[in-house]
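The values are calculated or read from the model by the stated rules, or taken from the named source; none is laboratory data. The structure presented is a predicted model; accordingly, all values stated were derived computationally and were not measured. For neighbour counting, all protein chains shown are included, and Cβ atoms are generated from backbone atoms with ideal geometry for every residue, glycine included.
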Amino acid sequence: MNKEESMVPLGILVFLAASAGIWHWIVRNRGSVNLWLANLAGVLASFLVGVVVLIFMAPEQAGTRGPAYFLYSLMAFIGVFIGTWLFVIARFKEGEHPVGRHFIAGACSVVAAFFTLLLWVTTFPAK
């Protein structure tokens, strides 16, 4: 058994440990968010953290630049989209209509995420 084959069980254990840890942390610190949304966020975040851990554990000759670049681009895009949405929603008054608030927040989020993705691709081109 060579070195890469012996790292597979360890990689799986580290992936599961990182995923379970981040999921537990998100659900435990959910605040006023309902449990279903907290579990959904926990699943998504735990998958992303687990994949990043696997990319860091991969041997150098495995060629992980492509998946890592895609994953980092996706995380930047989703982070800006959700962060802008929540920031814009928090700035509105409670008396305003929720559909209008979410429509404006969604439009601002799409624009911000597009510019972030454009900036990301021009600053860090895929090689």
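Just to be sure, is LEU74 exposed (fewer than 15 other Cβ atoms within 10 Å of the Cβ), assigned by TED's automatic domain parsing to the domain that holds PHE114 and modelled with pLDDT of 75 or more? Answer is yes for this residue. For the stretch 97-127, give me each residue that is in a loop (DSSP other than H, G, I, E, B) and within 21 Å of VAL33 (Cα to Cα). Result: HIS97, single match. Could you please let me know if GLY106 is exposed (fewer than 15 other Cβ atoms within 10 Å of the Cβ), out of contact with any strand residue (DSSP E or B) (no Cβ under 6 Å at 6 or more places or on another chain) and over 20 Å from ALA45 (Cβ atoms)? Against the criterion (exposed (fewer than 15 other Cβ atoms within 10 Å of the Cβ), out of contact with any strand residue (DSSP E or B) (no Cβ under 6 Å at 6 or more places or on another chain) and over 20 Å from ALA45 (Cβ atoms)), GLY106 does not qualify.
Scanning the stretch 77-96 for residues that are surrounded by 15 or more Cβ atoms within 10 Å (Cβ to Cβ) and assigned to a helix (DSSP H, G or I) returns PHE77, VAL80, PHE81, THR84, TRP85, VAL88, ILE89.
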